[in-house]
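Asks: One structure is given below, represented as C-alpha cells, and several questions about it will come after.
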Amino acid sequence: MDSVVGREVLKFPDLETMSLAAAEEAAGLINLAIKEKGRCTLTLAGGSIPRRLYQLLADEYSSIPWSKVYLFWGDERYLPPDHKDSNFNMAYKTLISRVQIPEDNIYRIPTETETPEETALRYEEMLRGFFNLSLTEDKAFPVMDLILLGLGGDGHTASLFPKSPAIMEAKRWVVSTFAPPSYISPYRITLTLPVINNAAAIFFLVSGTGKDKVLKSILEDPKGAGRRFPAGMVKPRGRLVWFIDETALR
Ligand code: 6PG
C-alpha cells in the first residue's frame, strides 16, 4: 500500500498492460455509478497516453450503457474540435466515434468562441447547467464520478502548469490559461483544482519519458510535490489511483 493514505499506486511493465488495467477499473467504476445513480459523469484527459485506454473502453466493454455516460474534458487546447491536436478530436477518434453515445451526453469544451476566456466562461455555464448549480451557489463544486488525468514532465496536469495563477483559483470551475512554449497550443482551457479535487475518483495515467523526476517526487515526497507541482496538488476527497507504466520511472 502506498505511503499516502487513500492513494493507490499501481505499476505496470508497459503502456499496454497499464491501459488494460485502467480500462478494467474504469469500466467497473462507470457501471457501478450507473447502477447506483443511473448515470456516470466521466471527465476525459487529453494528451496521447489515454488513447489506448479509450480504444479499450470502446472496443472491449460493450457492457457499458453509453447512453447513461456523460462526457466532459479536464482541459482543452484552444483549437477547433477537428484539429489534429484537439483533445476532443483525440477522444472522438478513439472512443466517441466507436460507441453509441448520444450527442447530448457529450459536453465538449466549446473552443469556437472568440477568445479562450469566453470558452472558459461558456464551459462553466454548461457544467453549472448540467449539475444544476447556479452561479449564485459559488461555494458548491460539481462531483464528477471519475476524472482521468495525465502528467507532464514539468508536473502539470490538465492545463494547470507550474506557477500559473490558475492553480490558485478557488471559486471558478473553469479558467483560461497558458501553456509554456514547449507544449502544443499556448492557449488552454482547464478545470480548476477545486473541481478536480471534488471528484469521487481520479485516475492518473502516466507513461513516457521525461516524467521520472516529477513522478518520483510525487510518489516519494507528496508534501514537497504538493507545493511544487500542480499534479501534486491533486488530493481528491474521493479515490486517487496512479496507473504507472514503469518506463516512466526510468
Ligand atoms: C493536454 C493534457 C495534458 C497531458 C499531459 C501528459 O492537453 O496536453 O491534458 O495535461 O495529460 O501533458 O501528456 P501525455 O499523456 O501525452 O504524456
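Asks: Does segment 177-205 hold any residues that are surrounded by fewer than 24 Cβ atoms within 10 Å (Cβ to Cβ) and within 10 Å of the ligand (Cβ to nearest atom), and which are they?
Replies: A179, Y183, I184, S185
Asks: For segment 95-135, name all the residues that are in contact with a Pro (Cβ under 8 Å, 6 or more places away or on another chain) and under 21 Å from A58 (Cβ atoms).
Replies: Matches in segment 95-135: R108 only.
Asks: Follow-up question, since we're still on this one. Give me the residue from segment 117-129 that is away from the ligand (no atom under 16 Å from the Cβ) and of a type outside the set (D, E, K, R) and, out of that set, surrounded by the most Cβ atoms within 10 Å (Cβ to Cβ).
Replies: It comes out as L127.
Asks: Going residue by residue through segment 30-37, is there one that turns out to be touching a residue at least 40 places away in the same chain (Cβ under 8 Å), touching a strand residue (DSSP E or B) at 6+ places or on another chain (Cβ under 9 Å) and not charged (D, E, K, R)?
Replies: The answer is yes; a qualifying residue exists.
Yes/no per residue for (1) among the charged types (D, E, K, R); (2) within 16 Å of the ligand (Cβ to nearest atom); (3) more than 15 Å from the chain's Cα centre (by Cα):
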{"residue": "I96", "(1), (2), (3)": "no, no, yes"}
{"residue": "V99", "(1), (2), (3)": "no, no, yes"}
{"residue": "E112", "(1), (2), (3)": "yes, no, yes"}
{"residue": "T115", "(1), (2), (3)": "no, no, yes"}
{"residue": "F131", "(1), (2), (3)": "no, no, yes"}
{"residue": "G150", "(1), (2), (3)": "no, yes, no"}
{"residue": "S159", "(1), (2), (3)": "no, yes, no"}
{"residue": "M168", "(1), (2), (3)": "no, no, yes"}
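Asks: Can I ask one more? Yes or no: L71 in contact (Cβ under 8 Å) with a residue 60 or more places away in the chain and under 21 Å from I109 (Cα atoms)?
Replies: no
Asks: Got a sec? Which of S97, S62, S134 is farther than 22 Å from N198 by Cα and at pLDDT below 95?
Replies: S62
Asks: So which residues in segment 20-29 are in contact (Cβ under 8 Å) with a residue 40 or more places away in the chain and over 16 Å from A200 (Cβ atoms), if there are any at all?
Replies: Answer for segment 20-29, where residues must be in contact (Cβ under 8 Å) with a residue 40 or more places away in the chain and over 16 Å from A200 (Cβ atoms): A21, A22.
Asks: Right, another one. Please go through segment 49-68 and pick out each residue that is farther than 26 Å from P142 by Cα and surrounded by fewer than 17 Cβ atoms within 10 Å (Cβ to Cβ).
Replies: Q55, D59, E60, S62, S63
The values are calculated or read from the model by the stated rules, or taken from the named source; none is laboratory data. Every value quoted in this text rests on a predicted model; they were computed, and no experiment measured them. Note that we place each Cβ from the backbone using ideal geometry, even for glycine, and neighbour counts take in every protein chain shown.
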